[in-house]
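The structure appears right after this line, and notes come after that.
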Amino acid sequence: MMLCLPLVGFSQDAGVALTIRAAYHNPVKPLAELFIADQTGAIVPLNLVGEMLSYPQVTVATNGNLVLYKEKMVDPKNPQASVAATAKIPADWKKVIALIFPAAAAGDESSYRMLLINDAPTAFKKGESRIVNLTQVETAVQAGEHKVPVPSGKVTDLPAVKQVNDFNMAQTNFYYKDSDQWIPFTERQLQFLDSTKRIFLIYLTPGSTQPFVTTLVDNTPVQVPPPSR
């Protein structure tokens, strides 16, 4: 998809300010260096912290899209050549979590793919979870009183779990479907608190015969931005 991208250093009026937190997931290559435009249009590093959510930073939505770049030096005459990934942002979203993954297949125009979660306090409430199935197989989650199908390639909501024990723990099982059977691939007890949000990522690794799940835990942000350079 070709985008009409702004020149580096475009005015603040050229886009809509957006607060972003990001997480990059790739078990094969766990580190990535990506860039975004700040409010002035300057290309700056995207703050990525391993398998964690980054601290918030302000970027600009351009033509209704969040744009990631592969490099800091973007040619203003051909910015498309430096684009790593884009994702459409609904007009009423002002705070987002960007989940970044390697491209789904060789030959993709972008090097990465990106899914967005509305991070507004009223949209993703504390105590809730979100689930992303990065595989092509049918999966599902049972957490406390909830049984939730998790289709491929989408963000699925998991409501706050209320059926917990005295330690706020609830059995949390992940399943994938093989023929007509549901097979558990992760079974564990998790603590569900009103102060915590989770993002579960269901994924495969090269050569694996069943999915895995990793969890991004979002407590009240405690990360401190690095000092200005």
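No lab work stands behind these numbers, since they all come straight from the coordinates. Please read all numbers here as calculations on a predicted model, not as lab measurements. When we count neighbours, we look across all protein chains shown, and the Cβ atoms used for this are built from the backbone with ideal geometry, even at glycine.
Provide, for q = 0.13, 0.18 Å⁻¹, the log10 of I(q)/I(0) from a solvent-free Debye sum over equal Cα point scatterers in segment 12-118.
-0.43, -0.85
For the chain, what is the charge dipole size about the Cα centre, in debye to the nearest 20, if Lys and Arg each add +1 at the Cβ and Asp and Glu each add -1 at the Cβ?
Rounded to the nearest 20 debye, it is 280 debye.
The list (i) 1.40; (ii) 0.95; (iii) 0.99 gives values of Rg/Rh (Cα atoms, Kirkwood Rh), and only one came from this structure; which label was calculated from it?
This structure yields the entry labelled (iii).
Taking square-rooted eigenvalues a ≥ b ≥ c of the alpha carbon gyration tensor, is segment 141-227 rounded, prolate or oblate, where a/c under 1.5 means rounded and, failing that, a/b exceeding b/c means prolate?
oblate
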